[in-house]
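Down below is the structure, laid out as structure tokens.
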Amino acid sequence: MDNLIDGKLIAATLQTETEREVQELLAQGILPSVAFVRVGEDPASKVYVGMKEKTAAKLGIQSRLYILPEDTSERALLDLINDLNNDPSLHGILVQAPLPSHIRQAKIFETVSPSKDVDGFHPINVGKLMLGDNDGFVPCTPGGIHELIKRYKIETRGAHVVILGRGNIVGKPMASILVQKAPYADATVTVCHSHTRNIGELCRSADILIAALGVPEFVKADMVKPNAIVFDVGVNRIADPSSPKGSRLVGDVDFKAVQPIAGKITPNPGGVGPMTIAILMKNTVRAARMAAGSVSKQDKTH
Ligand code: GUN
């Protein structure tokens, strides 16, 4: 059944476009450069940062990895970020979340220079997104889903979009994008969370359902309207004695049960994940062009 939204394929197309832009910048003597900052040894964060490094290298983007120990003070992390902010040869800064609990995540994100904030987490970029000002950086996962919506020409105007999850990384910025008065937006957006009543009923009324709540296989077949478009953002590790590792990764959607009902659905892995990284690379190159003073209107994010 081919109703899959092929994030891998679209991410590869985006990467080819970004690679071309890197070549153009190199020809002007500019090497796009991004710093990845990881605090502690969270296994998932190690994997994510590793994938980001690998993709950057493939596209000709320079990346620098900073690994700080779990017990790093907030002050030390802020000092590093300030140094990176002041380094003119560096265009993008990404501090991998989650951070240890003794570090205030919001304080860290608001210290990254807005012009190097390729994650789109700085309050100025969050505010610009909310205001519909497309000068800022858009967070990578919602940006990636929006790109899939555009490239698959999914009609969002007047559609009911239900977002499961109200996090700052996916749920809230996703709502900000899709509620805007704009093509491939103009949606009626409902954001659901742990206190939402009648969540099943709300999901069943969705033309587009975006699951980003971090609960393994939360979305079941009876929560999906026939022909709805389903995006699965979840990456959850669950115990599975029959798998070699003793555990395996599942999404927030019960894919097997939901695929036959959905109009289109993202596989997981291979759907939203590759898009997140592709948008990060696109944001980095845009930051480099902005630093060089060569960003035109068409480069804007959404
Ligand atoms: N942790 C989970 N998703 C993300 C992301 O998009 N950026 C960062 N920095 N950390 C994350």
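Quick notes on this structure:
- When each of Gly143, Gly136 is tested for being touching a helix residue (DSSP H, G or I) at 6+ places or on another chain (Cβ under 6 Å), part of a loop (DSSP other than H, G, I, E, B), at pLDDT 95 or above and under 16 Å from Val118 (Cβ atoms), the lone residue that passes is Gly136.
- Tally of residues being under 17 Å from the mean Cα position of the chain (by Cα) and either loosely packed, with under 15 Cβ neighbours inside 10 Å or polar (S, T, N, Q) (or both) across the stretch 76-99: 2
- When His122 is tested against the conditions (1) touching a residue at least 24 places away in the same chain (Cβ under 8 Å); (2) touching a Pro at 6+ places or on another chain (Cβ under 7 Å); (3) of a type outside the set (Asp, Glu), the lone failure is (1).
- Check on Ala106, within 15 Å of the ligand (Cβ to nearest atom) and either of a type in the set (Gly, Ala, Ser) or touching a Cys at 6+ places or on another chain (Cβ under 6 Å) (or both): yes
- Pair list, Cβ < 7 Å and 6+ apart or interchain, from the stretch 219-230 residues that are on the phi > 0 side of the Ramachandran plot to residues that are modelled with pLDDT of 95 or more and of a type outside the set (Asp, Glu): Asn227/Gly263
- Qualifying position, being under 17 Å from the mean Cα position of the chain (by Cα), outside any helix (DSSP H, G or I), at pLDDT 95 or above and β-branched (Val, Ile, Thr), among Val118, Val126: Val118
- Within the stretch 100-110, the set of residues being more than 17 Å from the chain's Cα centre (by Cα) and either among the aromatic types (Phe, Trp, Tyr) or crowded, with 19+ Cβ neighbours inside 10 Å (or both) comprises Ile103, Ile108.
The values are calculated or read from the model by the stated rules, or taken from the named source; none is laboratory data. Since this is a predicted model, take the numbers as computed values, not measurements. Ideal geometry is used to build each Cβ from the backbone, glycine not excepted, and the neighbour counts take in all protein chains shown.
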